[in-house]
Amino acid sequence: MLLLVAIGSLLYGAGPVSPAEALAVLAGGGTDEARFVLMELRLPRTIIGMVTGLALGLAGALLQSMTRNPLAEPGLLGVSAGSGFAVALAILLGATTATLTTLVAQLGALAGCALVIAATRVQGLGNDPVRLVLAGATLSGLLMALTSMLMLVDQRAADEIRFWITGSIAGKPLDMLGATLPSIILALVMIVMVARPLAAMALGEKAAVGLGHHPGRIRLLITLSVALLVGSATALAGPLIFVGLVVPFIARALAGPDIRRTLWLCAPIGPIILLAADIVSRLIAAPAEMPLGVVTALVGAPILLAIVRAGRMPSL
């Protein structure tokens, strides 16, 4: 499925290059215009979309497992909003390099993760999935309001922030991956380290300690991993919501509650979901494009409502 969606991302777009012309380029022919669109626009967009989907899917699975809350998602709990506010502030202050933007986004995501952990420690809040999401939504709303205030300061920065904050992978150069790949690789290494202890923590912290694990150390590694993943994804595509909710939801439906199998499945499902949403964003309003963040919200919101209305919040 990932291969098919990736090919579809190369073949379909809102521009004048048809799927037949794109296929001709893939076969080694095609016009110069079609070759430029495919190799310089659609190919980088596809690769960046795959990396972004991977990062958000894994981050959502880690957050849900750490908080033991099936509704935990970077966009809903304020992690993405914290990252987005930090990047908007950096843009206002004149940040231009991809490396600096990525670092700022990761620091903002780290602050958002810290607030999520603090919220789970509040009596009665961490054990109630809906209340935790409402608290996260309040934090996200506050950070989005602060981001909007930043746009009032400088019109030039406001135009750039406004385009970026809607969420999109269109027109992003492949060079941007150079600043984010080291962080994503580091996060993947930490995920491999915490996968087995995280599965043990599903039995309870006392059981995990009895098996020789250190819950505090595990939470720290998860927090750093989520910050690196969400910060990298936000730097690449802007703040996208619901991807980190939908991907683990599908993975658990296929693999069951074991976090190790869920994480393995999130790796391909994340890129599939995000690339599929991106293809829809290109075609639904052609010849214009709908912001990717709008499409992910339209897909994710019904799934969130379905989970809440089901009346059964599975323990993670």
Sole residue being part of a helix (DSSP H, G or I) and either under 17 Å from V104 (Cβ atoms) or touching a strand residue (DSSP E or B) at 6+ places or on another chain (Cβ under 6 Å) (or both), chosen from G244, G178: G178
Odd one out for G84, checked against (1) of a type outside the set (V, I, T); (2) crowded, with 24+ Cβ neighbours inside 10 Å; (3) touching a Pro at 6+ places or on another chain (Cβ under 6 Å); (4) over 19 Å from L142 (Cβ atoms): (4)
Might you check whether a residue that is within 28 Å of S80 (Cα to Cα) and either in contact with a Lys or Arg (Cβ under 7 Å, 6 or more places away or on another chain) or open to solvent by less than 40 Å² (accessible area, probe 1.4 Å) (or both) occurs anywhere in the stretch 23-42? yes
Residue hits (the stretch 229-241; buried (at least 24 other Cβ atoms within 10 Å of the Cβ) and not in a helix (DSSP H, G or I)) are G238, P239, L240
Just name the residue that is most open to solvent (accessible area, probe 1.4 Å) out of those in the stretch 105-120 that are in contact (Cβ under 8 Å) with a residue 60 or more places away in the chain and among the hydrophobic types (A, V, I, L, M, F, W, C). L107
Condition broken by G75, with the remaining ones in (1) of a type outside the set (V, I, T); (2) under 30 Å from L220 (Cβ atoms); (3) touching a helix residue (DSSP H, G or I) at 6+ places or on another chain (Cβ under 6 Å); (4) part of a loop (DSSP other than H, G, I, E, B) satisfied: (3)
Based on what the data block shows, is M66 farther than 19 Å from L188 by Cα, open to solvent by 20 Å² or more (accessible area, probe 1.4 Å), part of a helix (DSSP H, G or I) and not charged (D, E, K, R)? no
Scanning the stretch 202-228 residue by residue, the ones that are surrounded by 15 or more Cβ atoms within 10 Å (Cβ to Cβ), of a type in the set (A, V, I, L, M) and either touching a Phe, Trp or Tyr at 6+ places or on another chain (Cβ under 8 Å) or without any contact (Cβ under 8 Å) to a residue 24 or more places away in the chain (or both) total 1
Which of the residues belonging to the stretch 189-201 are closer than 21 Å to P257 by Cβ and surrounded by fewer than 17 Cβ atoms within 10 Å (Cβ to Cβ)? V192, M193, R196
Determine whether I169 is farther than 30 Å from R68 by Cβ, surrounded by 18 or more Cβ atoms within 10 Å (Cβ to Cβ) and in contact with a helix residue (DSSP H, G or I) (Cβ under 9 Å, 6 or more places away or on another chain). yes
For the stretch 280-310, enumerate the residues that are modelled with pLDDT of 85 or more, assigned to a loop (DSSP other than H, G, I, E, B) and open to solvent by less than 60 Å² (accessible area, probe 1.4 Å). M290, P291
Looking at the stretch 252-279, which of its residues are among the charged types (D, E, K, R) and part of a helix (DSSP H, G or I)? R252, R260, R261, D278
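The values are calculated or read from the model by the stated rules, or taken from the named source; none is laboratory data. Since the model is a prediction, treat every value here as computed from it, not as a measurement. Counting neighbours? That spans all protein chains shown, and the Cβs are built from the backbone with ideal geometry, glycine included. Areas reflect the complete protein model, heavy atoms only, side chains present, ligands, DNA and RNA absent. Shrake-Rupley method; radii C 1.70, N 1.55, O 1.52, S 1.80 Å.
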